[in-house]
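Nothing in this text is a laboratory measurement; each read-out follows from the coordinates by a stated rule. These numbers were taken from a predicted model, which means no experiment stands behind them. Neighbour counts are summed over all protein chains in view; Cβ atoms, including those assigned to glycine, are modelled from backbone coordinates with ideal geometry.
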Amino acid sequence: MKTRITVLGAGFGGLELCTLLSDALGEQVAITLIDQCDAFVFGYSKLDVMFGRTTLDAVRLPYRHFTKPGVRLLRETVTAIDPLTKRVITDAGQHDADILVIALGADYDFAATPGLVDVDEFYSVAGAARLHHVLPGFERGHVVVGVCGAPYKCPPAPSECVLMLHDMLTTRGVREQCEITLVLPLPSPVPPSPETSKALLAAFAERGIRFMPNRRVTAVSAAQRVAMLDDGSELPFDLFLGVPKHRAPQVVEAAGLAEDGWVPVNPRTLQTKFTDVYAVGDIANTGTPKAGVFAEGEAKAVATALIARLRGDGEGRLYDGAGTCYIEFGGGRIGRVDVDFFSGPKPTGTYHEPDVALREDKVRFGASRIARWFGGSPGRSSR
Ligand SMILES: Cc1cc2nc3c(=O)[nH]c(=O)nc-3n(C[C@H](O)[C@H](O)[C@H](O)COP(=O)(O)OP(=O)(O)OC[C@H]3O[C@@H](n4cnc5c(N)ncnc54)[C@H](O)[C@@H]3O)c2cc1C
C-alpha cells in the first residue's frame, strides 16, 4: 500500500512541501492536501492590492492550477485533528494518514482587541481588498498603522505599509495634510538586523513618519476615533490600519497540539511530540519569524526527511533557519535582508541597501514559486 501523507493547509508551507514530494516521489505516495480556500495569495500581494498597484483578481492563484502527480487537493475545512491516530475530520468527511503535516498558518484573533472589527486591517485578503477602495478617498488627517500583538507575520510589513502609504499620499498631493504614525510591539522595525532597522528609521525620519516602538494597540474606538495603547495612553486617528493579534487556528488548539499559542516542534526537524506528525510554517514554534520564506525552508527540510525515509536512503537535511526578506522602502526601491537564526549564538541579518534593481529579485522570487507550484506564467502576480 502507498504511504498516505495528509498535509493540512495549502499555503506557503503546504504548497512547497507537496511540490517537492510530488517531484521526488510522484505516484509512489498518496498525498492529500486540504485547504478551505479556493486560491492562494502571497502575503505581500495584500500590500500591492491595498495600495492599488494591482487587483485582487490579478494576485489570486486558484488551486485548480495546482496539479501534481500523487497529490489530491481538496477544498474542505478541517474541523478536528487527532494527532495520535493521524485522523483528520473535515466538513466533508474523514482522512486517515500514515504521516500528518500541519501547515494551517496563523489565524487572526479579532476578539482579542476590542473595537478592531469596526476599523480597517490590512493583514487579511478581504481587509486589503477593502482598503483598495478606501485609501483613494483619504485626503486629510492622522493615519495610525497599529499592531495589536507579537508575534505577527512578516515583521517588516507594517514598516513597508507606512512607507508605501507615504508614497501614495505624496503622489496624490495630500501628504502635507496627513500625519502617519506606526505603533509596533518591537524595539525596532527588524530586530535581527540593526542595519535594516537603522535604514528604516532613517526612512521614517526623512518622511516625517512617527515611530512608536515597544507599544501595542489594546483597543480601538471607531466612534471616538481613538486607539488605546498598552501603556494606557490614547492615540487619536482619522484612519486606523490594523494588524490583528495572531493565534493558532482553533482546530489546532482543540487538538491539544498548541502550547503557549503555537505548536512546539524540534526546530531542526519540525517533528511535533506526536509520532509522524510534523508542523511547518507560521503555526510552528521554531524560533524563526512568521514569514513565507521560513515556511518554505521548513517545508524543504520535512520534504527531504520524508523523501529519504520513503526511499530508504539517508536522513534528509535539517532546517537551517535562514531566509531572505525583501522590504519595500518606497520610491520603487526594495531593500533586502538575509537573516540567519540558527548558525550563531544569536540571530544575524545581512542588509542590502534599497535599490530599484532589487525589485527584479523580488519579482523573480514570486514568479519562481508561481511557476513551481502552479506551472503558471512567471510574470503573473509576482509583485
Ligand atoms: C501584509 C503581509 C505581507 C507579507 N509579506 C511577506 C513577504 O514579503 N515575504 C514572506 O516571506 N512572507 C510575507 N508574509 C507572511 C506570509 O504570508 C506567511 O508567513 C506565510 O504565508 C505562512 O505560510 P504558512 O504555510 O505557514 O501559512 P499560510 O500561507 O497562511 O497557509 C495556511 C493555509 O491553511 C488554510 N487553513 C487554515 N485553517 C484551515 C482549516 N481549518 N481548514 C482548512 N484550511 C485551513 C488557509 O486557508 C491557508 O491557505 C506577509 C504577510 C502579510 C500579511
What distance in nm separates the two pseudo spin-label positions at Asp96 and Glu234, each 7 Å out from Cα along the beta-carbon direction?
6.0 nm
What 222 nm value per residue comes from the helices of the chain, counting each DSSP H run with n ≥ 4 as -39,500 (n - 2.57) and dividing by all residues, nearest 500 deg cm²/dmol?
-8500 deg cm²/dmol
Figure the gain on full extension for Ala58 and Arg4 (residue separation times 0.36 nm, minus the Cα-Cα span) and round it to one decimal in nm.
16.0 nm
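Starting from the Kirkwood radius over alpha-carbon pairs of the stretch 293-332, derive D by Stokes-Einstein at 4 °C in a medium of 1.567 mPa s and give it in µm² s⁻¹.
In µm²/s, the coefficient rounds to 110.
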Considering the dipole of the stretch 110-246 built from charges on the beta carbon (Lys and Arg +1, Asp and Glu -1) around the Cα centre, which of Ala112, Gly141, Val220 is farthest to its positive end?
Ala112
For the chain, averaging the sequence separation of alpha carbon pairs under 8 Å that lie six or more residues apart and dividing by its residue count, the contact order in percent is 19 percent
Using alpha carbon centers only, the stretch 1-23 is separated from the stretch 297-371 by a whole-angstrom value of 19 Å
Antiparallel bridge percentage (DSSP; both residues within the chain; nearest 5)
50 percent
Taking a straight Cα-to-Cα line shorter than 19 Å from Lys346, and setting aside same-chain lysines fewer than 8 residues away, one finds Lys198, Lys290
Restricting to Cα pairs below 8 Å that are 6+ residues apart, what does the relative contact order work out to for the stretch 110-246? Please round to a whole percent.
39 percent
Plugging the Cβ-Cβ distance of Thr275 and Thr79 into 1/(1 + (r/R0)^6) at R0 = 22 Å yields, to the nearest 0.05, a FRET efficiency of 0.45
Explain nothing, just compute: Karplus ³J(HN,Hα) = 6.51 cos²θ - 1.76 cosθ + 1.60, θ = phi - 60°, for every residue of the stretch 288-295 in order, whole Hz, x for Gly and Pro.
9, x, 7, 8, x, 4, 6, 4
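Which value, in debye to the nearest 20, describes the size of the charge dipole of the chain about its Cα centre when Lys and Arg Cβ atoms bear +1, Asp and Glu Cβ atoms bear -1, and nothing else is charged? Could you put the intermediate results ahead of the total?
Working: 41 positive and 45 negative charges, 133 e Å.
That gives a dipole near 640 debye.
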Ranked packing of 334-345, 272-283, most packed first, by mean Cβ within 10 Å
272-283, 334-345
Expected output is a single nm value to one decimal: the length gained when fully extending between Glu259 and Arg140, i.e. 0.36 nm times separation in residues minus the C-alpha distance. What is it?
38.4 nm
What distance in nm lies between label points placed 7 Å from Cα along the C-beta direction at Arg309 and Glu360?
4.2 nm
Could you compute the FRET efficiency for Asn266 and Arg87, with r as their C-beta to C-beta distance and R0 at 22 Å, rounded to 0.05?
0.45
